[in-house]
Amino acid sequence: MRRFEAQVFGDVQGVSFRAFVAREARARGITGTTSNTADGSVKVVAEGETHELEAFLLQLRAGPRFARVEKVEAVWSDATGAFTDFGIM
């Protein structure tokens, strides 16, 4: 199991981005959280199987219909097992 912590930049608040993130994560069996940040970006902490996380990261880069993703920065590490589901903060 792996983990990444990502920051998604662009027009990603007020466009249902966090709901999109949670829906995609749950569909892939990924656990973690997503939250808005003060600088207008969205933070995503995700844990799961490597291949599912890689596909999920591609979805984050694409974003939902009304979002405009400029950049995604992700830092990978080993999973901690801290989550049992995927939540929106």
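FYI, it's all coordinate maths here, none of it is from the lab. Because the structure is a prediction, the values reported are computed rather than measured. With ideal geometry, Cβ positions are generated from the backbone for all residues, glycine too; neighbour counts draw on all protein chains shown.
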* Asked: Quick one: length gained pulling THR80 to ASP11 fully straight, 0.36 nm per residue minus the C-alpha distance?
  -> 21.8 nm
* To do: Specify the angular offset, from 0 to 90 degrees and rounded to the nearest 10, of the alpha carbon long axis of helix 50-62 from the longest principal axis of the alpha carbons in the chain.
  => 0 degrees
* Structure fact -> In the chain, the trypsin sites (Lys or Arg not before Pro) that sit in a DSSP loop and have at most 11 other Cβ atoms within 10 Å of their own Cβ are ARG65
* What does the charge count near THR80 come to, summing +1 for each Lys or Arg and -1 for each Asp or Glu among other residues with Cβ under 13 Å from its Cβ? -> -1
* Measure nothing but the geometry: give the 0 to 90° angle between the long axis through the Cα atoms of 17-27 and the longest principal axis through the Cα atoms of the chain, rounded to 10°. => 30 degrees
* Report, for the chain, the % of DSSP beta bridges that are antiparallel, rounded to 5. => 90 percent
